[in-house]
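Please treat every number below as a calculation from the coordinates, not as lab data. Keep in mind that this is a model prediction, so the values were computed, not measured. Here Cβ is always computed from backbone atoms with ideal geometry, including for glycine, and neighbour counts include all displayed protein chains.
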Amino acid sequence: MTLGPEDHARDAAGLSYVYPVVSRRAEGVSLGVNLNPNNACNWRCVYCQVPGLVRGRAPEIDLALLERELRGLLGEIVRGDWLARHAPEGARRLVDVAFSGNGEPTSSPQFRAALELARSALGELGLLGRVKLVLITNGSLVHQKDVQAGLRVLAGAHGELWFKLDSATDAGMRALNDVAPGMARVRANLRSACELAPTWIQTCVLALSGAPPGADELGAYEDFLRAHLRESTPPRGILLYGIARPSHQPEAPELTRLPAAWLERRAERLRTLGLEVRVYP
Ligand code: SF4
């Protein structure tokens, strides 16, 4: 099958843990690694697109199978004709290997081991530093030693981390992510993430019950960023997202996509803080 833009079908390649995606943000094919085949996450974002999402953590997975799948698909892409057979013209390049599954990847007990095997697979094909290794995370477990060890592996593989920050207020995090970690914890985890690996903030913006984020929310987010920009290792920038695909959460009917112009205005404002901002409406 040829994958269409944003075709995230986890079973598109018939594999258990590895799935190819034609990605608008990557302008090419991204190989996703799903360490959460049980659809379990410690958060419950209202816009989450994981069907049958449950609260919990990633299970033990079959690492040998993950390794076979990753090496096999990478080999077909790099040495075979996989891209010509499956990717549309204009997207026939491999841009990244992204740890981004049906839940929070850092909750996997094999998080570090999985990163190590991805680093080896990329290295053996001569792709290290040429194909990006990306960790897409809600950042909530960065304070854990095992997770930090994994982030060192990520950094050593020229990887980067995308840290979810949809709101910088307790009320906003409850409303959007259904969690209440406290902003002090979020701040500390973001600081650690930035110190351990190149880190981008990923922020999803939407209207809830018809209302876009209010002035208080937007102001708190900017204050939060200003504080982080004073750190010795600040974030690299912001990836500002709209909601591209339907939510699988009960709140789905209350969510509306914001106009692209809204996101552009927001990005302009955030750039004045001195950060690079990329927009994906
Ligand atoms: S952190 Fe990601 S996987 Fe978890 S609920 Fe939010 S969007 Fe879904």
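Below, the figures for the structure above:
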read-out	value
Tally of residues being among the β-branched types (Val, Ile, Thr), part of a strand (DSSP E or B) and surrounded by fewer than 21 Cβ atoms within 10 Å (Cβ to Cβ) across segment 204-244	0
Given (1) out of contact with any Cys (no Cβ under 8 Å at 6 or more places or on another chain); (2) closer than 22 Å to residue 281 by Cα; (3) within 16 Å of the ligand (Cβ to nearest atom); (4) not aromatic (Phe, Trp, Tyr), index of the condition residue 189 fails	(2)
Options 49, 110: the member that is under 23 Å from residue 153 (Cα atoms), surrounded by fewer than 22 Cβ atoms within 10 Å (Cβ to Cβ) and not charged (D, E, K, R)	110
Matching option when the condition is in contact (Cβ under 8 Å) with a residue 60 or more places away in the chain, under 21 Å from residue 21 (Cα atoms) and not charged (D, E, K, R), among 129, 101	101
Test result for residue 195, at negative phi, of a type in the set (D, E, K, R) and touching a strand residue (DSSP E or B) at 6+ places or on another chain (Cβ under 9 Å)	no
Filter result (at positive phi and within 16 Å of the ligand (Cβ to nearest atom)) within segment 88-115	103
Qualifying residue in segment 201-224 (condition: of a type in the set (Ser, Thr, Tyr), in contact with an Asp or Glu (Cβ under 8 Å, 6 or more places away or on another chain) and farther than 12 Å from residue 167 by Cα)	yes
Which numbered condition residue 161 fails, given (1) buried (at least 21 other Cβ atoms within 10 Å of the Cβ); (2) more than 14 Å from the ligand (Cβ to nearest atom); (3) among the aliphatic types (A, V, I, L, M); (4) without any contact (Cβ under 8 Å) to a residue 60 or more places away in the chain	(2)
Subset of segment 130-145 [more than 13 Å from the ligand (Cβ to nearest atom) and either polar (S, T, N, Q) or touching a Pro at 6+ places or on another chain (Cβ under 8 Å) (or both)]	144
Inter-residue pairs, beta-carbon under 6 Å, first within 30 Å of residue 124 (Cα to Cα) and in segment 46-67, second assigned to a loop (DSSP other than H, G, I, E, B) and within 16 Å of the ligand (Cβ to nearest atom), 6+ apart	58/35; 58/36; 58/108; 59/38; 66/17
Criterion: within 16 Å of the ligand (Cβ to nearest atom), of a type in the set (A, V, I, L, M) and over 23 Å from residue 160 (Cβ atoms) - qualifying residue of 54, 50	54
Residue within segment 164-175 that is surrounded by fewer than 19 Cβ atoms within 10 Å (Cβ to Cβ), within 15 Å of the ligand (Cβ to nearest atom) and either part of a loop (DSSP other than H, G, I, E, B) or without any contact (Cβ under 8 Å) to a residue 12 or more places away in the chain (or both) present	yes
Within segment 53-83, tally of residues that are among the β-branched types (Val, Ile, Thr) and within 30 Å of residue 179 (Cα to Cα)	2
